[in-house]
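So the structure is just underneath, and the comments pick up after that.
The values are calculated or read from the model by the stated rules, or taken from the named source; none is laboratory data. Here the structure is a predicted model, which is why all the values come from computation and not from measurement. No Cβ is skipped: glycine too gets one built from the backbone with ideal geometry, and neighbour counts run over all protein chains shown.
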Amino acid sequence: MPAVLRALLLDFNGVLVDDEPLHLDLLLRVLAEEGVTLRREEAWPRFLGLGDRESFVSALGEAGQPAPAHRIARLIARKASYYQEAVRRDGYGFFPGALELVREAAAAGLVLGVVSGALREEIEGALRQAGARELFKVVVSAEDVEEGKPSPQGYALALQLLNAQPPLPARLIHPHEALAVEDTPPGIAAARGAGLVTLAIAHSHDTAALAAARADALAERLEGLGLDRLQALYAEASRA
């Protein structure tokens, strides 16, 4: 019996919202304020897909600086304030096709969630701006997990909430019935670790890098993808 797609779990930065360059610039800004200078071309592949906590801990550690939890919390808060300044000025930039796919999937009865290393305020703010918050049953953010991607903790929690939060599904949603849409190797690893089928979108990496990360299916972009093609990619990946 062929697998049936019942849930769609999407990353936020780099999948729904085109803000990964902004996040990188703000990360480098905060690090520079702490005496850690990194070149942008070195930082882009290194931190792409990691949450703020993991990025700051890694950068400070390699610079020989202490990274206690209270310091990391302050740096995350400072970066978040810079981010809010930027989105108040410019708004959230959704990738072409992202909101169209979300609305089509919700209308078809798929259960939707966001699993991201972004802060909840950022995710909720973007979804409210787009008038799409009510379409998502679950939002798992950086504050909800102890370990960010590539740990599968966020996806495991999302599956748990999909099945435990009302309205309850008629039957449990199993990992193989959920498709995770990611744009980075750490995100793909996180979803695979939780047992989900993975679709990699080449918004941030080329398809060769995403294939090397063992994504189950690949697409160049969300724009023009559509629910029918999404279902076909899921079905093909589930048979593999």
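Results for (1) touching a residue at least 12 places away in the same chain (Cβ under 8 Å); (2) assigned to a helix (DSSP H, G or I); (3) of a type in the set (A, V, I, L, M, F, W, C), shown as yes or no for each residue.
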| residue | (1), (2), (3) |
| --- | --- |
| 176 | yes, yes, no |
| 181 | yes, no, yes |
| 186 | yes, yes, no |
| 189 | yes, yes, yes |
| 192 | yes, yes, no |
| 218 | yes, no, yes |
| 222 | yes, no, yes |
| 228 | no, yes, no |
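Exactly one residue out of 109, 117 is closer than 28 Å to residue 188 by Cβ, in the same structural domain as residue 203 (by TED's automatic domain parsing), assigned to a loop (DSSP other than H, G, I, E, B) and over 18 Å from the mean Cα position of the chain (by Cα), and it is 109. Do we find that residue 147 is assigned by TED's automatic domain parsing to the domain that holds residue 14, out of contact with any strand residue (DSSP E or B) (no Cβ under 8 Å at 6 or more places or on another chain), within 18 Å of residue 12 (Cα to Cα) and exposed (fewer than 15 other Cβ atoms within 10 Å of the Cβ) in this structure? Spelling it out, residue 147 is indeed assigned by TED's automatic domain parsing to the domain that holds residue 14, out of contact with any strand residue (DSSP E or B) (no Cβ under 8 Å at 6 or more places or on another chain), within 18 Å of residue 12 (Cα to Cα) and exposed (fewer than 15 other Cβ atoms within 10 Å of the Cβ).
Exactly one residue among 43, 32 is loosely packed, with under 15 Cβ neighbours inside 10 Å, on the phi < 0 side of the Ramachandran plot, free of Cβ contacts under 8 Å to residues at least 24 places away in the same chain and not in a loop (DSSP other than H, G, I, E, B), and that residue is 32. Summed over segment 1-54, residues that are among the β-branched types (Val, Ile, Thr) and farther than 30 Å from residue 171 by Cβ total 4. Among the residues examined, residue 235 does not qualify as over 19 Å from the mean Cα position of the chain (by Cα), under 20 Å from residue 45 (Cα atoms) and assigned by TED's automatic domain parsing to the domain that holds residue 182. Restricting the first member to segment 147-173 and to residues that are in contact (Cβ under 8 Å) with a residue 24 or more places away in the chain and of a type in the set (Phe, Trp, Tyr), and the second to residues that are in a helix (DSSP H, G or I) and surrounded by 15 or more Cβ atoms within 10 Å (Cβ to Cβ), the beta-carbon pairs closer than 8 Å and six or more apart or on different chains are 155/190; 155/191; 155/193.
The single condition among (1) in a loop (DSSP other than H, G, I, E, B); (2) at pLDDT 95 or above; (3) within 30 Å of residue 33 (Cα to Cα); (4) in contact with a helix residue (DSSP H, G or I) (Cβ under 9 Å, 6 or more places away or on another chain) that residue 78 does not satisfy is (1).
Tell me, yes or no, whether segment 137-144 has at least one residue that is free of Cβ contacts under 8 Å to residues at least 60 places away in the same chain, outside the structural domain of residue 50 (by TED's automatic domain parsing) and assigned to a helix (DSSP H, G or I). Checking segment 137-144: at least one residue is free of Cβ contacts under 8 Å to residues at least 60 places away in the same chain, outside the structural domain of residue 50 (by TED's automatic domain parsing) and assigned to a helix (DSSP H, G or I). Of all residues in segment 160-191 being touching a helix residue (DSSP H, G or I) at 6+ places or on another chain (Cβ under 6 Å) and of a type in the set (A, V, I, L, M, F, W, C), which is surrounded by the fewest Cβ atoms within 10 Å (Cβ to Cβ)? Looking at the filtered set, the residue picked out is 172. Based on this model, can you work out whether residue 120 counts as without any contact (Cβ under 8 Å) to a residue 40 or more places away in the chain and among the basic types (Lys, Arg)? Yes: the conditions hold for residue 120.
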